[in-house]
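Right, one structure below, let's go through it.
The values are calculated or read from the model by the stated rules, or taken from the named source; none is laboratory data. Because the structure is predicted, anything quoted here is derived from the model rather than measured. Reconstructed Cβ throughout: ideal geometry from the backbone, glycine too, with neighbour counts over all protein chains shown. Ligands, DNA and RNA are excluded from the accessible area calculation, which covers all protein heavy atoms including side chains. Shrake-Rupley method; radii C 1.70, N 1.55, O 1.52, S 1.80 Å.
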Amino acid sequence: MNRVAIIQTRMKSTRLPKKVMKDIKGKPLIEHLVNRLSLSKYIDKIVVATTTDSSNDILVDFLENINVDVFRGSENDVLDRYVSAAKFYDADIIIRITSDCPVIDSDIVDKCIDKFCKNSYDYLATNNFPDGLDTEVCSYEALKLSNNSTKSNYDREHVTPYINNPKKFKVGYLENN
């Protein structure tokens, strides 16, 4: 099983443009996020999925200089960007992380991956955790089915709403008490 963490990001973020390259204690925010994810015991590869827009060239150059894999895809169809990245990197299991989670906890990520695998879920997410610790895990097959099935712009922008449906998929949660 190839477990690939895919971090979605773009420089044209609407709430805080260029946030992933903002300096935090001498490093861009994205580097902190990648470093924290690299502590996972279960992730086989970390990929940053950004867009083909030239505004992301500075991000891509930086990531390539620190030896982080990058995939470039659609600006608006984030679901398709995820599926395409997962296919390119031959992912069986996708760990979805957004770039606004620079303090992601690799232990929580590992608990999600472990629970996902032990229960043969199609989709698993953190529940009742503080913002910034958000982790989602899904199978490539479920993500691909979602991409082929949904026409909703909301689903295409937010990636996982279609999968987070217990009537269609085997869904689980890692609960925080």
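Tabulated data for the structure shown
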{"item": "Among 133, 89, 154 - extreme Cα towards positive end, dipole of the chain, charges at beta-carbon", "result": "154"}
{"item": "Cβ-defined net charge surrounding residue 141, 9 Å radius [Lys, Arg +1; Asp, Glu -1]", "result": "-1"}
{"item": "Over the stretch 67-146, relative contact order from alpha-carbon pairs under 8 Å, at least 6 apart, %", "result": "33 percent"}
{"item": "Computed lengthening from residue 177 to residue 2, 0.36 nm per intervening residue step minus Cα-Cα distance", "result": "60.0 nm"}
{"item": "Karplus 3J(HN,Hα) series, Hz, for the stretch 143-156 with 6.51 cos²θ - 1.76 cosθ + 1.60 (x for Gly, Pro)", "result": "5, 5, 4, 4, 4, 7, 9, 8, 10, 5, 4, 4, 4, 6"}
{"item": "Within straight-line cross-link reach of residue 18, lysines at Cα separation under 28 Å, skipping those fewer than 8 residues along the same chain", "result": "27, 45, 87"}
{"item": "The stretch 1-72 versus the stretch 108-161: alpha-carbon centroid distance in Å", "result": "19 Å"}
{"item": "Radius 13 Å from Cβ of residue 157, net charge of other residues (Lys, Arg +1; Asp, Glu -1)", "result": "0"}
{"item": "Point-to-point label distance, residue 16-residue 129, nm (Cα→Cβ direction, 7 Å offset)", "result": "1.9 nm"}
{"item": "Potential lengthening between residue 141 and residue 114 on full extension [0.36 nm per residue; Cα-Cα distance subtracted]", "result": "7.9 nm"}
{"item": "Calculated [θ] (222 nm, deg cm²/dmol) that DSSP helices of n ≥ 4 give over the chain, each run adding -39,500 (n - 2.57)", "result": "-9500 deg cm²/dmol"}
{"item": "Residues residue 27 and residue 168, FRET efficiency given R0 of 41 Å [Cβ-Cβ distance, rounded to 0.05]", "result": "0.50"}
{"item": "In Hz, Karplus ³J(HN,Hα) per residue of the stretch 114-119 (6.51, -1.76, 1.60; θ = phi - 60°; x = Gly, Pro)", "result": "4, 5, 4, 5, 5, 10"}
{"item": "For the chain: relative contact order, % (alpha-carbon pairs under 8 angstrom, 6 or more apart)", "result": "24 percent"}
{"item": "Accessible surface, the stretch 1-132, averaged per residue in Å² (probe 1.4 Å)", "result": "49 Å²"}
